[in-house]
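*Asks:* Can you keep this structure in mind? I'll have questions shortly.
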Amino acid sequence: MSTIRKPKYIALLICVAIFSFVLGSTTTRSTYAADNLFTNIRLLSGVLSLVNDNYVEKVDASKLIYSAIDGMLQALDPHSNFLSKESFTDMGERFSGKFYGIGIEFDVLDGYLYVISVIDGSPSEAVGLQSGDRLVKINGESAIGIKHDEVRKKLRGEKGTTVEVTVNRVGAEEPFNVTITRDRIPIRSVLSSFMLDEQTGYIQMVRFAKTTSDELETALNKLENLGMKRLIFDLRGNSGGYLDQAVEVSSKFIEEGKMIVETRGRTRSSNQEFRSGGSIHDQFPLVVLLDHRSASASEIVAGAVQDWDRGVIAGSRSFGKGLVQTLFAEPHLRDGSALKLTTAQYYTPSGRLIQRDYKNKSYQEYVEEAFEDSDEVIGQEMIDENEDGIDDRPVFNTANGRTVYGGGGITPDVSIKAPKRKYPFVIGKFHGWTPFDRACFEFATQYGVNHQNLKDDFENFFSDFEVSDEMVEAFKEQVSDSGISFTQEEFDTDLDVVKLQLKRSVARNMWGDEEAGKVGSSGDVQLQKALLLFNTHEMLVENK
């Protein structure tokens with residue numbers, strides 16, 4: 001009996017809770033609006049009861065409710081969504097800047113759990129885990145065929161607890177066991193920071209989490225001590241994060257008191273102005289790199305830099321997410337879940353709303369539209385002062401009177417397209433590992449075992465090491481054996497990318513992300529084109 005009435009009871013609770021909210025917090029609304037809402041909630045309750053009483057199979061009440069919530073939010077915008085307890089916990093870890101575990105980046109390839117890289121200073125580094133290690137058992141249980149979510153559950157845990165892994169290492173005769181004590185693992189926002197030349201610093205930031213501003217401050221101080229006189233700030237692939245961190249990051253470059261971003265919504269609390277807290281760093285020439293994956297907080301930073309003429313925006317037009325979400329959890333929701341609800345729109349200092357149109361589109365269409373012009377045809381000039389398709393976009397002016405555009409992302413001052421590649425798995429359209437990345441990783445793992453002497457001197461490796469024809473042929477054979485099809489023409493056309501990625505993978509295997517980033521920068525077309533702007537773009541030359 002209780003099983004049958006549970007959905008009715010849940011539906012009634014929803015009715016009462018929402019109706020109470022309407023009456024208690026919307027005194028300025030008409031009675032008609034409240035009655036109309038209550039009528040629709042009664043409709044939902046009736047449908048839930050009918051499904052529970054009459055559906056051919058026994059129903060899961062929570063599944064029905066969650067599905068109803070998801071459907072309701074889909075009618076709003078692409079960025080409002082409901083987070084289960086598990087999803088909310090995972091999101092909190094990704095943006096808190098820390099979690100407790102063993103400290104590896106991993107992937108499951110062909111059913112095997114591989115260590116992709118070991119986080120510096122982590123428990124895994126302390127016990128000697130290496131990139132390329134294959135974890136075949138976790139606490140005595142087979143890890144072959146394990147799923148990504150299972151890996152996280154088994155390897156993460158409370159600080160001070162232990163986990164035993166069985167490691168199969170290339171070059172080792174037998175698998176061996178390692179006991180790892182879990183500890184705090186930092187989640188980095190600044191993936192790499194180094195000098196491109198004697199005066200040009202480079203910082204790559206991949207998210208806006210709670211520790212982002214502090215990490216950026218550390219990176220800026222390091223580079224300034226190394227003699228940095230100008231900076232390339234790489235926000236490509238950075239999909240955003242916390243609004244307050246976007247303001248703090250912008251404040252590193254923009255004078256105190258200047259507007260960074262304004263939010264506007266229906267409620268009084270949604271209408272706010274955020275101003276710079278003031279920069280303690282020199283006003284050095286600045287280039288901000290964007291691509292179609294740069295969104296939200298990345299666009300706030302780029303929009304402020306552009307509107308105040310603080311630096312040059314280069315790369316591709318950004319994603320175009322100008323909506324602000326507020327997270328509602330406890331005490332609003334009491335089961336550990338959370339509602340991420342759009343409550344405002346944000347505007348750049350010049351008054352631009354850069355949200356792309358999402359009306360009457362599926363989520364897939366909305367996302368894919370941002371990537372439609374992400375590549376440039378081989379052989380065409382990759383630098384233009386203007387982007388195509390801006391004639392119908394709203395026009396605004398920067399502090400110095402330059403023309404900028406609203407609607408549909410941040411349009412760069414200098415468009416630098418990434419070259420379109422013919423090799424079918426060299427560059428993925430969306431972020432994430434491609435088959436090419438995996439092939440390079442597997443090759444570099446074996447190569448590193450057989451060439452341990454390279455570890456002695458990274459600078460020598462960076463300047464002098466070249467991928468030989470023998471390495472290329474061995475790699476080609478490995479790719480072919482793995483079942484990935486390609487033509488000789490495709491392989492030869494993108495041979496430069498193949499060689500660069502192989503060298504980068506070897507560097508990551510032996511040293512880590514920072515060294516891999518240095519290797520990758522030498523063949524990064526957009527980055528190298530952006531570097532030339534310091535000597536050619538009027539704004540940057542004036543600021544020398």
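*Asks:* Segment 266-299 to segment 61-83: how many Å between their Cα centroids?
*Replies:* 30 Å
*Asks:* What translational D, rounded to a whole number of µm²/s, comes out for segment 98-186 from Stokes-Einstein when the hydrodynamic radius is the Kirkwood one over Cα pairs, at 4 °C and 1.567 mPa s?
*Replies:* On the way: Rh = 12.8 Å.
For these conditions, the coefficient is 101 µm²/s.
*Asks:* Roughly how far apart, in whole Å, are the Cα centres of segment 167-208 and segment 140-157?
*Replies:* 20 Å
*Asks:* Compare the Cα positions of 304, 328, 415 along the charge dipole of segment 190-420 (+1 at Cβ of Lys, Arg; -1 at Cβ of Asp, Glu; about the Cα centre) and return the one farthest towards the positive end.
*Replies:* 328
*Asks:* Looking at the chain, do any whole DSSP H helices span at least 30 angstrom along their long axis by alpha carbon and average -0.5 or above on Kyte-Doolittle, and which?
*Replies:* On the way: long enough: 2-25 (34 Å, 1.28); 31-54 (34 Å, 0.34).
Membrane-span-like by this rule: 2-25, 31-54.
*Asks:* A further question on this structure: In 5 Å bins starting at zero, report the fraction of Cα pairs in segment 435-511 per bin as a rounded %.
*Replies:* 3, 15, 28, 26, 15, 8, 4, 1
*Asks:* Which order do 292, 148, 537 fall in if you start with the one that has the fewest other Cβ atoms within 10 Å? Please list the in-between numbers first.
*Replies:* Working: 292 25, 148 11, 537 20.
Ranking 292, 148, 537 by Cβ neighbours within 10 Å, fewest first, gives 148, 537, 292.
*Asks:* Additional query: Hey, got the dipole for segment 453-509? About the Cα centre, +1 on K and R Cβ, -1 on D and E Cβ, debye to the nearest 20? Show your work: numbers first, answer last.
*Replies:* Details: 6 positive and 15 negative charges, 72 e Å.
Dipole about the Cα centre, nearest 20: 340 debye.
*Asks:* Further question: Compute the projected area of the convex hull of the Cα atoms of the chain, averaged over all viewing directions, and report it in nm² to one decimal place. Don't skip to the answer; put the middle values down first.
*Replies:* Working: hull surface 121.5 nm².
Over every viewing direction, the Cα hull of the chain projects on average to 30.4 nm².
*Asks:* Please figure out what share of the DSSP beta bridges in the chain is antiparallel and state it in percent, rounded to the nearest 5. All intermediate terms of the calculation are to be shown ahead of the outcome.
*Replies:* Working: 51 of 69 bridges.
Rounded to the nearest five, the antiparallel share is 75 percent.
*Asks:* In this model, which of 417/476; 210/503; 229/258; 153/361; 222/258; 85/361 are farther than 30 Å apart at the alpha-carbon? Please list the in-between numbers first.
*Replies:* On the way: 417/476 28 Å; 210/503 33 Å; 229/258 23 Å; 153/361 36 Å; 222/258 26 Å; 85/361 28 Å.
Too far apart for the 30 Å limit: 210/503; 153/361.
Rule-based calculations on the coordinates, nothing more; no lab input. Keep in mind it's a predicted model, so treat the numbers as computed, not measured. Backbone-built Cβ (ideal geometry, glycine too); neighbour counts: all protein chains shown.
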